[in-house]
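Throughout, read-outs are computed from the coordinates displayed, never taken from laboratory work. All of these numbers come straight from a predicted model, not from anything done at the bench. Glycine gets a Cβ as well: all are built from the backbone with ideal geometry, and neighbour counts include every protein chain shown.
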Amino acid sequence: MAKIKILPIDALIIVDMQNDFMPGGTLPVPNALTIISAINKYIELFEKSNALIVATRDWHPPNHISFNTRGGPWPPHCIQNTWGAEFHKDLKLPRNTIVISKAFKEDKEAYSGFEDTELDNTLKSRNIKRLFIAGVATEYCVKATAEDGVKLGYQVFLLEDAIKGIDSPPGSEEKAIEDLMNKGVVAIKINDVIAK
């Protein structure tokens, strides 16, 4: 397969690699730690190519609507200014990474990095055309961010070796990837990509 060269029109979008989604957090994604080294390799490639790097994060108020304490589906997680909301220490985010906070309104859920955020404006202001998406969890925030990227007119690549899902029930992660590919998202791995 032809290689994809990372260009200035590209952005790496790293979704929600926060402590609460890692082992020891309140909502751990199985095997989430195993993708950190892959994400760091992509970061290196994008840095070499002077391409944009964005990290999204859940930034919930203490009484967020998604929490089971309020009848939502999830245990309290990624509460603003707590250890659980911090990015995992092994993730090598460059200093100039753009951090996008989402789901920060008490009464509004937001899985996508685009929902109620500055992400689209930030990308368009830098003339970004292609998104390369990594992170957790495949069936939730990764999928929602990729779908919105397609809707907003970006070409979207899913970094298959740098995502992890909850996969409950079994097969749901695979189904999420298939759904995205049916919408025009291209699934690739690190060997498919080269620096500028």
### Query
If you compute percent of Cα pairs over 28 Å apart for the structure shown, which of [x] 19; [y] 38; [z] 46 do you land on?
[x]
### Task
Can you spot the aspartates and glutamates whose alpha carbon is less than 14 Å from Lys196's alpha carbon? Ignore those fewer than 8 places along the same chain.
Asp10, Glu44, Glu47
### Task
Going by C-beta contacts inside 10 Å, put Ser37, Ser101 in order with the fewest on the left.
Ser37, Ser101
### Summary
In nm, the gap between the two label points placed 7 Å beyond Cα toward Cβ at Lys124 and Lys151 is 1.5
### Phi to ³J(HN,Hα) by Karplus 6.51 cos²θ - 1.76 cosθ + 1.60 over the stretch 158-174, Hz, x for Gly, Pro
9, 8, 4, 8, 10, 10, 9, x, 6, 6, 10, x, x, x, 6, 5, 4
#### Entry: R0 of 41 Å, Cβ-Cβ distance Ile4-Asn68: FRET efficiency to nearest 0.05
0.50
### Task
Take every Cα pair under 8 Å in the chain that's 6+ residues apart, average their separations, divide by the length, and report that relative contact order as a whole percent.
28
### Message
Between 0 and 90 degrees, rounded to the nearest ten: what's the tilt of helix 36-48 against the longest Cα principal axis of the chain?
### Response
40
### Unsatisfied cross-links (Cα-Cα over 21 Å) in the set Lys105/Lys183; Lys89/Lys164; Lys48/Lys183
Lys105/Lys183; Lys48/Lys183
### Message
What does DSSP give for the stretch 12-194 in terms of the percent of beta bridges that are antiparallel, rounded to the nearest 5?
### Response
5
### Summary
In a Gaussian network model of the chain with springs linking alpha carbons closer than 10 Å, the residue among Glu174, Glu147, Glu86 that fluctuates most is Glu174
### Query
Could you state the number of Å between the C-alpha centres of the stretch 80-143 and the stretch 8-70?
7
